[in-house]
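Novice: Below you'll find the structure I mean.
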Amino acid sequence: MHPIIALWSHPRSMSTAMERVMRERGDLDCAHEPFMYDYYVHHARRQFAMFDVQDDQPVSYPDIRDMLLARAEEAPVFFKDMSYYVWDQVLADEAFSARLINCFLIRNPVASIPSYFKLDAKGSLEEMGLEAQYLHYQGLVARGQDPLVINANDVRRDVKGVMTAMWAAIGLEYRAEAFDWQNPTPEDWQQVEGWHGAATQASGIKPLTPAEEAAQRDRFDEMAQEHPQMQGYLAHHLPFFEALKAKALAPET
């Protein structure tokens, strides 16, 4: 049985770019948000924007879990997913939860929420995702696990340093080719193609400039004039972000 590495994210947290890095390593069998099908198809919480449902995908939590376990019989598996899809089911499934190498990717909701609303202005409070990540993380900690937390801004400031530290922590060797994206766009991204334009077209993770970071609050306030619910979403999720940020992995020097 090979390891299964899970990157638990929230929307617009740079998780697809992180997945691209892991795919470019070339030594992992990668899956793109398989548990999305449990939330949006099996339970039909709502109709998700720009989601081209594929008929050949498992849709229930047990079937998706079993698919990942079966793939791990053949090779090491990496998948990235959103905690809000299935965090409670994963914690209830102690055998599967313990089987995973759990990592959490976070991004300041001042940046992630407007990025979400730019693509889908009907997003719910739950779908902003940071509360579910916090509850998921705390549930694992209560069982004696020590999951990694990775801050997306830290990755953009020092992509090689943070990724090297992450790989060392989860038992993966350094692979320089992961930072220069040459492979074609993964086929399983096509089902949610509209959400991944930047990660599809880029050849690597773009550095974060001080000017870009400083402008994030202004962009949030500007969009919130059109979508005032964003202010409540930010107030709700910001404490969960700050709590997880305090646990974030430091770059390897």
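The values are calculated or read from the model by the stated rules, or taken from the named source; none is laboratory data. All figures in this text were calculated on a predicted structure; none of them were measured in a lab. Here the Cβ positions follow ideal geometry from the backbone for every residue, glycine too, while neighbour counts run over all protein chains shown.
Novice: Yes or no: Ile101 in contact with a strand residue (DSSP E or B) (Cβ under 7 Å, 6 or more places away or on another chain) and either of a type outside the set (Gly, Ala, Ser) or within 23 Å of Asp154 (Cβ to Cβ) (or both)?
Specialist: Yes, satisfied.
Novice: Does the range 111-126 include one or more residues that are over 26 Å from Phe240 (Cα atoms) and either in contact with a Pro (Cβ under 7 Å, 6 or more places away or on another chain) or touching a residue at least 24 places away in the same chain (Cβ under 8 Å) (or both)?
Specialist: No: the range 111-126 contains no residue that is over 26 Å from Phe240 (Cα atoms) and either in contact with a Pro (Cβ under 7 Å, 6 or more places away or on another chain) or touching a residue at least 24 places away in the same chain (Cβ under 8 Å) (or both).
Novice: Shifting gears a bit: Restricting to the range 80-118, name every residue that is among the acidic types (Asp, Glu) and over 17 Å from the mean Cα position of the chain (by Cα).
Specialist: Asp93, Glu94, listed by residue number.
Novice: In the range 233-244, is there at least one residue being closer than 20 Å to Ser13 by Cβ, surrounded by fewer than 16 Cβ atoms within 10 Å (Cβ to Cβ) and at pLDDT below 90?
Specialist: Within the range 233-244, none of the residues are closer than 20 Å to Ser13 by Cβ, surrounded by fewer than 16 Cβ atoms within 10 Å (Cβ to Cβ) and at pLDDT below 90.
Novice: Failed condition for Met67, given (1) touching a Leu at 6+ places or on another chain (Cβ under 9 Å); (2) aliphatic (A, V, I, L, M); (3) farther than 20 Å from Lys247 by Cα; (4) assigned to a helix (DSSP H, G or I), with all others met?
Specialist: In the conditions (1) touching a Leu at 6+ places or on another chain (Cβ under 9 Å); (2) aliphatic (A, V, I, L, M); (3) farther than 20 Å from Lys247 by Cα; (4) assigned to a helix (DSSP H, G or I), Met67 misses (1) alone.
Yes/no per residue for (1) assigned to a loop (DSSP other than H, G, I, E, B); (2) surrounded by 11 or more Cβ atoms within 10 Å (Cβ to Cβ); (3) under 19 Å from the mean Cα position of the chain (by Cα); (4) modelled with pLDDT of 60 or more:
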{"residue": "Glu177", "(1), (2), (3), (4)": "no, yes, no, yes"}
{"residue": "Trp181", "(1), (2), (3), (4)": "yes, yes, yes, yes"}
{"residue": "Gly194", "(1), (2), (3), (4)": "no, yes, yes, no"}
{"residue": "Ala198", "(1), (2), (3), (4)": "no, yes, yes, no"}
{"residue": "Gly204", "(1), (2), (3), (4)": "yes, yes, yes, yes"}
{"residue": "Leu208", "(1), (2), (3), (4)": "yes, yes, yes, yes"}
{"residue": "Ala211", "(1), (2), (3), (4)": "no, no, no, yes"}
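Novice: List the helices (runs of 4 or more DSSP H) inside the range 76-121, counting only whole elements, that have at least 2 residues being over 24 Å from Val41 (Cβ atoms).
Specialist: Filter on the range 76-121 gives 94-99, 109-119.
Novice: Quick check on the range 58-77. Is at least one of its residues surrounded by fewer than 22 Cβ atoms within 10 Å (Cβ to Cβ), among the aliphatic types (A, V, I, L, M) and modelled with pLDDT under 95?
Specialist: Checked against the condition, which is being surrounded by fewer than 22 Cβ atoms within 10 Å (Cβ to Cβ), among the aliphatic types (A, V, I, L, M) and modelled with pLDDT under 95, the range 58-77 yields at least one hit.
Novice: Restricting to the range 161-178, name every residue that is free of Cβ contacts under 8 Å to residues at least 24 places away in the same chain and farther than 22 Å from His2 by Cβ.
Specialist: Selection gives Ala176 alone.
Novice: Of everything in the range 89-131, what is closer than 21 Å to Glu19 by Cα and either exposed (fewer than 14 other Cβ atoms within 10 Å of the Cβ) or small (Gly, Ala, Ser) (or both)? Give them in sequence order.
Specialist: Listed by number, the residues that qualify are Ser97, Ala111, Ser112, Ser115, Gly129.
Novice: Say whether the condition of being more than 24 Å from Val155 (Cβ to Cβ) and in contact with a His (Cβ under 9 Å, 6 or more places away or on another chain) is met by at least one residue in the range 109-131.
Specialist: Scanning the range 109-131 turns up at least one residue that is more than 24 Å from Val155 (Cβ to Cβ) and in contact with a His (Cβ under 9 Å, 6 or more places away or on another chain).
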